[in-house]
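To keep things clear, I will list the structure first and then write my remarks on it.
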Amino acid sequence: MSQVHWLDGADIGFPPTHSALTDPDGLLAVGGDLTPERIVNAYSLGIFPWYSEGQPLLWWTPNPRLVLDPEHLHLGRSTRKLLRKQPFKITVDQNFETVMRHCGTIPRKEQDGSWITEEMVDAYKNLHDLGVAHSVEVWQHDELVGGLYGLALGRVYFGESMFSLVSGASRVAFATLATQLQAWGFELIDCQIHSDYLESFGAKEVSREHFESHLLNSVAKTPRVESLSKPWPVQAKQKQISIFDWREAWQMPEHGFDGS
């Protein structure tokens with residue numbers, strides 16, 4: 001029977017995901033906290049926090065799940081044309097908090113107010129400092145005009161949000177990120193819920209069970225940067241997670257790539 005579970009503040013575990021509600025889709029649990037240990041454990045199980053100011057802390061595992069295999073990245077004609085023009089400068093992990101705050105100001109369909117609360121900013125900044133959360137920044141004339149952020153565990157990137165202040169900035173950010181993840185041997189980009197925008201890049205919906213079975217193996221794998229990888233001291237289903245310094249490993253040229 002589906003029901004919402006209240007989390008114990010001392011236990012970072014979660015109830016079985018099959019017990020999540022179907023309406024609203026994927027609501028699994030309420031409460032707990034946003035410690036690094038709980039957040040990392042949640043993502044490794046396919047669970048993420050999502051709530052608005054004034055609400056209790058809510059944890060979700062939607063079904064179906066939107067995912068992208070970096071090997072199957074699709075770049076449409078307009079995106080390839082934009083990439084060839086190289087109108088932006090791309091950086092990584094240079095302005096994480098600013099990117100996150102910009103994402104919090106972007107109006108979202110059927111959403112009143114921002115889900116990126118101060119508590120969320122503090123929690124993900126902490127994860128960024130620990131080498132788990134990462135940002136991609138897009139610059140034009142020395143101004144930040146786009147970007148995205150998310151978490152990387154093993155060979156899975158969990159996308160959280162993106163923003164664009166000028167046309168094409170978020171497209172360049174996502175295309176560049178996905179291309180770099182492909183080079184690093186990442187096997188999955190979690191896009192969370194349905195999005196026509198991300199489907200245009202090749203993202204597809206899969207069942208929760210399929211998604212979780214993929215996570216079970218991919219989160220525990222070391223990316224193709226073994227010399228830079230180090231263990232993160234939180235077990236995900238009794239398997240060690242590897243993290244690494246993205247700034248040191250980043251291989252994309254300053255202006256992304258030509259998209260050909």
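The values are calculated or read from the model by the stated rules, or taken from the named source; none is laboratory data. If you're wondering where the values come from, they're calculated on a predicted model, not measured in any experiment. No Cβ is skipped: glycine too gets one built from the backbone with ideal geometry, and neighbour counts run over all protein chains shown.
At-a-glance table
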| read-out | value |
| --- | --- |
| Number of the exception - L28 against (1) in contact (Cβ under 8 Å) with a residue 12 or more places away in the chain; (2) under 30 Å from G259 (Cα atoms) | (2) |
| Region 243-260, residues that are small (G, A, S), within 22 Å of the chain's Cα centre (by Cα) and within 17 Å of R80 (Cα to Cα) | G256 |
| Some residue of region 174-181 being farther than 29 Å from F14 by Cβ and touching a Ser or Thr at 6+ places or on another chain (Cβ under 9 Å) | yes |
| Residue list for region 161-209, filter: more than 18 Å from K89 (Cα to Cα) and without any contact (Cβ under 8 Å) to a residue 12 or more places away in the chain | D196, Y197, E209 |
| Any hit, region 7-20, residues being hydroxyl-bearing (S, T, Y), out of contact with any Pro (no Cβ under 6 Å at 6 or more places or on another chain), free of Cβ contacts under 8 Å to residues at least 24 places away in the same chain and part of a helix (DSSP H, G or I) | yes |
| Test: Q86 is assigned by TED's automatic domain parsing to the domain that holds A220, out of contact with any strand residue (DSSP E or B) (no Cβ under 8 Å at 6 or more places or on another chain) and either of a type in the set (A, V, I, L, M) or modelled with pLDDT under 95 (or both) | yes |
| Strands (runs of 3 or more DSSP E) wholly inside region 172-245 that include at least 3 residues being crowded, with 20+ Cβ neighbours inside 10 Å and modelled with pLDDT under 95 | 239-243 |
| Selection from region 59-74 of residues that are hydrophobic (A, V, I, L, M, F, W, C), surrounded by 20 or more Cβ atoms within 10 Å (Cβ to Cβ) and more than 10 Å from G26 (Cα to Cα) | L66, V67, L68 |
| Unique residue being out of contact with any helix residue (DSSP H, G or I) (no Cβ under 6 Å at 6 or more places or on another chain) and under 14 Å from R65 (Cβ atoms) when the list is E199, E160 | E199 |
